Amino acid sequence: MNLTELMTDRREIVLKQWLDSITASYSAHAASFFKQQKNRFANPVGHTIEETANAVLDALIHREISTATRDALDRFMQIRAVQDFTPSRAVDFLSALKPILQDAYKDVLRNAELCDEFLLTASLIDSMLVISFESYAKYREKLYELKVNEFKHMAFRLLERANLTFEFQGDDPPGDKGISDNETVK
């Protein structure tokens with residue numbers, strides 16, 4: 001029996017333990033809600049967690065990171081970025097999978113061939129961790145851009161209300177022409 005067959009046989013055990021591990025990164029109330037509420041519209045985060053976990057396990061069984069797996073990881077990282085997870089905590093759910101797999105297959109990992117297959121599995125997990133980190137960084141950057149733009153808009157609206165705005169003539173704001181770095185505007 002190879003590791004792919006074992007992973008298929010023990011998938012539900014691994015999935016349950018891993019989902020428990022992922023939901024443990026949330027508050028007790030949220031974790032309980034994620035586990036109990038199965039309606040994807042009433043519980044979109046819980047649905048995304050389960051969808052991502054299944055996509056990752058599929059990738060490990062098929063030994064390939066498909067577009068569907070990348071998309072699932074991307075959606076989960078989008079949620080984690082908004083939830084204010086630190087970068088390491090956002091992607092730690094993938095690292096948590098390795099000890100769960102080691103425990104699930106400890107009885108067969110003494111076999112050298114299966115051990116080599118397990119190393120390939122660990123490498124795929126590491127690759128998905130990098131993919132997840134890149135998605136997380138992309139969404140955090142987008143979130144900060146939105147915050148900066150909102151702040152700029154709020155500042156402009158305040159200036160506008162105080163009647164302190166004016167329109168620029170041309171490309172350069174007034175005061176920029178003809179002033180050297182050593183001069184000050186009085």
Handout entry: Qualifying residue in region 57-75 (condition: surrounded by 17 or more Cβ atoms within 10 Å (Cβ to Cβ) and not in a helix (DSSP H, G or I))
Key = yes
Practice task
Please tell me if Leu158 is modelled with pLDDT of 75 or more, more than 30 Å from Ile65 (Cβ to Cβ) and over 30 Å from the mean Cα position of the chain (by Cα).
Solution key: yes
Practice task
State whether one or more residues within region 141-154 are more than 30 Å from Leu73 (Cα to Cα), of a type in the set (S, T, N, Q) and exposed (fewer than 14 other Cβ atoms within 10 Å of the Cβ).
Solution key: no
Handout entry: Unmet requirement for Glu12, which otherwise passes all of (1) modelled with pLDDT of 95 or more; (2) surrounded by 12 or more Cβ atoms within 10 Å (Cβ to Cβ); (3) more than 23 Å from Ser135 (Cα to Cα); (4) of a type outside the set (Phe, Trp, Tyr)
Key = (2)
Handout entry: Among (1) touching a helix residue (DSSP H, G or I) at 6+ places or on another chain (Cβ under 8 Å); (2) farther than 18 Å from Glu134 by Cβ; (3) among the polar types (S, T, N, Q) - the single one Asn111 does not satisfy
Key = (1)
Exercise for the section: Name the single residue, out of those in region 84-118 being surrounded by 12 or more Cβ atoms within 10 Å (Cβ to Cβ), hydrophobic (A, V, I, L, M, F, W, C) and farther than 19 Å from Glu51 by Cβ, that is modelled with the highest pLDDT. Expected result: Leu101
Exercise for the section: Scan region 22-35 residue by residue and report those that are buried (at least 17 other Cβ atoms within 10 Å of the Cβ) and in a helix (DSSP H, G or I). Expected result: Ile22, Thr23, Ala31, Phe34
Exercise for the section: Could you tell me whether region 125-146 includes any residue that is among the hydrophobic types (A, V, I, L, M, F, W, C) and at pLDDT below 85? Expected result: yes
Handout entry: Subset of region 46-56 that is under 16 Å from Ala96 (Cα atoms) and of a type outside the set (A, V, I, L, M) - its residue that is surrounded by the fewest Cβ atoms within 10 Å (Cβ to Cβ)
Key = Asn54
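The values are calculated or read from the model by the stated rules, or taken from the named source; none is laboratory data. What you see is a predicted model, and the numbers here were worked out from it, not measured in a lab. Glycine gets a Cβ as well: all are built from the backbone with ideal geometry, and neighbour counts include every protein chain shown.
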